[in-house]
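A short write-up of the structure that comes next.
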Amino acid sequence: MVGRGRAQEGAKGRQSGGQVQTWPEARARRWRGTLLPHPADVFHTAAEYLKSAAATDFGPGRVTPWLPVAFGLGVAVYFSAEREPSWIAALAAVFLFAVLAYLARLRPLAFPLALMLTAFAAGFAIITIRAAVIAHPVLDRPVFGASVTGFVEAREERERSDRIVIRVHKLDGTRMAKPPERVRLSVRRGAAPAVGSFVSLKARLSPPTAPLRPGGYDFARDLYFQKIGAVGFVTGAIRIETPPAPQGFKLRYAAFIDGIRDGIDRRIRAAVPGDAGAIASALITGKRDAISTPVNEAMYVSSLAHVLSISG
């Protein structure tokens, strides 16, 4: 009886003048907007948000941080291409978008968009041109007894053997239509000729080494960007001959720098004998061949070998 009386009183309280009272209109609208927003309100809110974000990120003086993003995106698109793009077309696209950016320089929306497209095209064009510049033949199979003649461009003295990089003038013994432009060869320690020498020799050549394990260091990629198309070792005597053509400025400069390094190395090791002088010379000139085996092993064990690897 008590529950029934309270129910009747509640029903009377909700009635006024024969009409049933409902929720206030403002509260009802608030509940409807929270539970089921109107589509027009959603689109209007999203448009206002995008407009505000664009004004904040692409306003005057704020486009510059986005240009590297567009540039990197152009580089990424190059690596996703199925075939090698034309560097002429890439340069033409940069020129076209640059002209559009200049013509739209007074328009608040078109100008940032044109700048972004120009940066995108520039990233794509630069990596395309870079690939065209460093493109060179790479040996595809081992070659035994190849006859190599050319200029010595670099010489590296090591503990057990030396290495030289030869700019190939003539290479016999391969079936390639176009031989590698440069080869890196290991020679007997102390037998490496001076930089700038024109040599003739016999060598065993191999393609650059692929990574030894998944995710490992890619020797072939490193040598490719040095424009070295084959590696190997010398199998006979190295003969120094009269060059059939001038060395060129770049080779003369390399020979000059190598001579300076040799002179500095001799002076340091004469003033500071032993491993102390050898380490000092390695840090300054990059020549590490005079460091003894125990010191080399100690450097590797103590994780300090990288100091010598990046020296000189």
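The values are calculated or read from the model by the stated rules, or taken from the named source; none is laboratory data. Note that the structure is predicted; figures quoted are calculated from it, not measured. With ideal geometry, Cβ positions are generated from the backbone for all residues, glycine too; neighbour counts draw on all protein chains shown.
Summary table
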{"read-out": "Filter result for the condition that a residue is outside any loop (DSSP other than H, G, I, E, B), modelled with pLDDT under 90 and not aromatic (F, W, Y), over A146, A122", "value": "A146"}
{"read-out": "Residues satisfying the stated conditions in the range 157-205, i.e. under 29 Å from T293 (Cα atoms) and among the small types (G, A, S)", "value": "S161, S186, G190, A191, A192, A194, A203"}
{"read-out": "Residue tally, condition within 23 Å of I260 (Cα to Cα) and either among the polar types (S, T, N, Q) or crowded, with 17+ Cβ neighbours inside 10 Å (or both), over the range 281-299", "value": "8"}
{"read-out": "Filter pass, D162 being of a type outside the set (K, R), assigned to a loop (DSSP other than H, G, I, E, B), more than 23 Å from the chain's Cα centre (by Cα) and within 30 Å of V234 (Cβ to Cβ)", "value": "no"}
{"read-out": "Every residue from the range 274-299 that is touching a Lys or Arg at 6+ places or on another chain (Cβ under 9 Å) and of a type in the set (A, V, I, L, M, F, W, C)", "value": "A278, I279, A280, A282, I284, A290"}
